[in-house]
C-alpha cells in the first residue's frame, strides 16, 4: 500500500482510480487506517462504518473493471458533516435529541456525490444543530485542532475541517450559516467555501436558519474545493431557494492568475479586536497579490458593524421555528411519561444542549407578539442595508479581501462561559452570509507559534470561480496550503 496516499490531492486520487494505477479499495483502506490512528484523539467522527466504506470502494473498482465510465470523484473519500442526511446512516446533528435517528432518504448532495463516484466516508462531529464557533457544543465530545489538540478547530463544521487538515479524508462537506465552513477552515489551515445562497440544494440538510444555511466543501487546495463544489452545485426542484443560474467551476480557469483582478479592502471594518498577526498576514497577502498583477482599492461596508446583532436576531428566530419539530412525537428522543405538555418539556429539556436552548429562547422572544417589529423586522431591514453595501462594493471590486476571524484558534474552554465573546468571533464571516454572496476561506500563513491563519475572499453572486482563482494564485506563491500538522505527519 502506498504511504503517500494521504498526501495526494483528491484530483490525483480520482485520476489514479480512473486510469487503474490505484484501486478505490486501496485508497479507502489507507484512509481508514490513518483515521484509526488519529480520530479518537481529535474527536473528528461521530459515525464511521468501515464495512460500508470498503463495499462502496469495491463497487467503484468493479465499475472500472467492467469498462463503465467513472465520475470526477471516483474512489475519493468524502467526509460528511452530521447534519446532512444519508439514508439509513445515523444523523444526529451533534444532539442527543436525534441520537437514534436514521434518515429514510439521501440529501441532494449525497445523491450527487454517489453519481460522481465518491466514497461517503463517515459522519463528522459538529456543534449541536450547527450552533457554535468552537465545536465544543457537540453533545458527544469536542473536536480538537490537529495543529494543537489543546485548541479548538472552529465550528460548527469543526469535525469536517479537522479531518481534512489531519489527512483523515481528502475532502469533506460542511454547512455554513454564519461562518461554519469558513471559520473552521481558517482555524485548521484548509480551504472552505460558502457558496452563493441557493447554489447548492439544502434538501436533506437539517435546518438551522433556512434563509442562511448553505452546504459547502472543505479541501486542502482550491482545485480540490472546486472539484467537490462542481459535484454538488446546481438546480434542485425540491429546494425552492435553489438558483437556476448556479454554475460550476472550470479548473483551468483557476490557473489564469490574478492579473487585472480588482481586490477591495474594507479598511474601516478592520478595526479594534483584530489580532496583529492576522492583520500583518492580510497585508502580506494583499501585497503579494499586487505583485502578481492584482489591483488593490479601498471599499466601504458601513453597515457590517451591525451584522452580529442582525444575525443573532434572524438566525435564532428561524432556529426557534425550525427546531419546534423536535417534540418527541414523530422522531428522535422521547422522554417523560406524563401528559403531552410534560412530554414536550421533558424531551426538549433533556434533548437540547445549553447553546441550542439559548438560541431558541432568543428567537422565540424576537418573534413574540409586541417584539416582532422591534427586533426581527428591524433586523431584516438592516440585512437589506448590508446586502446593498456589498452590491456597491462590487461596483468597484471583483472580490473583497478580509479576515475570517479576529483571532487565531483559541484554547478549549476559553470562551465557553462567555457567549458574547464566542459570538464576536464571527464578526468577519457573518456579513457575507446575511448578503447571500459566496465567500472562501483559504490558508494564508501562520502565527509565530505555528497556528494557521486563514483569510477570506468574498465575491459576487454565483462567481465562486474568481474566489477560487485568487486563492489558487496565493497557493502558488506561498507554502501555507502545503504544510501539514505535526500530528498528521506523525500518523503517516
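The values are calculated or read from the model by the stated rules, or taken from the named source; none is laboratory data. Everything numeric here is computed off the predicted structure, so don't read it as measured data. All Cβ positions, even for glycine, are placed from backbone atoms using ideal geometry, and neighbour counts span all protein chains on display.
Tabulated data
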read-out: Single match in 479, 389, 463 (criterion: at pLDDT below 95 and over 20 Å from residue 153 (Cβ atoms)); value: 479
read-out: Scan of the range 237-257 for residues that are surrounded by fewer than 22 Cβ atoms within 10 Å (Cβ to Cβ) and either touching a helix residue (DSSP H, G or I) at 6+ places or on another chain (Cβ under 8 Å) or closer than 16 Å to residue 84 by Cα (or both), ordered by number; value: 238, 239, 248, 250, 251, 253, 255, 256, 257
read-out: Identity of the residue in the range 259-283, over 25 Å from the mean Cα position of the chain (by Cα) and in contact (Cβ under 8 Å) with a residue 40 or more places away in the chain, that ends up surrounded by the most Cβ atoms within 10 Å (Cβ to Cβ); value: 261
read-out: Residue within the range 358-366 that is modelled with pLDDT of 95 or more, loosely packed, with under 15 Cβ neighbours inside 10 Å and assigned to a helix (DSSP H, G or I) present; value: yes
read-out: Condition check for residue 60: touching a residue at least 12 places away in the same chain (Cβ under 8 Å), under 20 Å from the mean Cα position of the chain (by Cα) and outside any loop (DSSP other than H, G, I, E, B); value: no
read-out: Cβ-Cβ under 6 Å pairs, at least 6 apart or on other chains, the range 26-49 side free of Cβ contacts under 8 Å to residues at least 60 places away in the same chain, far side in a strand (DSSP E or B); value: none
read-out: The listed residue being within 12 Å of the chain's Cα centre (by Cα), part of a helix (DSSP H, G or I) and in contact (Cβ under 8 Å) with a residue 40 or more places away in the chain, out of 174, 192, 159, 178; value: 159
read-out: Test: residue in the range 311-318 that is part of a helix (DSSP H, G or I), in contact (Cβ under 8 Å) with a residue 12 or more places away in the chain and surrounded by fewer than 19 Cβ atoms within 10 Å (Cβ to Cβ); value: no
read-out: Any hit, the range 100-115, residues being more than 15 Å from residue 171 (Cβ to Cβ), more than 23 Å from the chain's Cα centre (by Cα) and surrounded by fewer than 24 Cβ atoms within 10 Å (Cβ to Cβ); value: yes
read-out: Residues (assigned to a helix (DSSP H, G or I) and touching a helix residue (DSSP H, G or I) at 6+ places or on another chain (Cβ under 6 Å)) located in the range 343-357; value: 351, 356
read-out: First in the range 85-109 and free of Cβ contacts under 8 Å to residues at least 40 places away in the same chain and at negative phi, second anywhere and crowded, with 24+ Cβ neighbours inside 10 Å and not in a loop (DSSP other than H, G, I, E, B), Cβ under 6 Å, 6 or more apart; value: 86/110
read-out: Those residues of the range 28-48 which are in contact with a strand residue (DSSP E or B) (Cβ under 7 Å, 6 or more places away or on another chain) and either farther than 25 Å from residue 154 by Cα or modelled with pLDDT under 95 (or both), in sequence order; value: 28
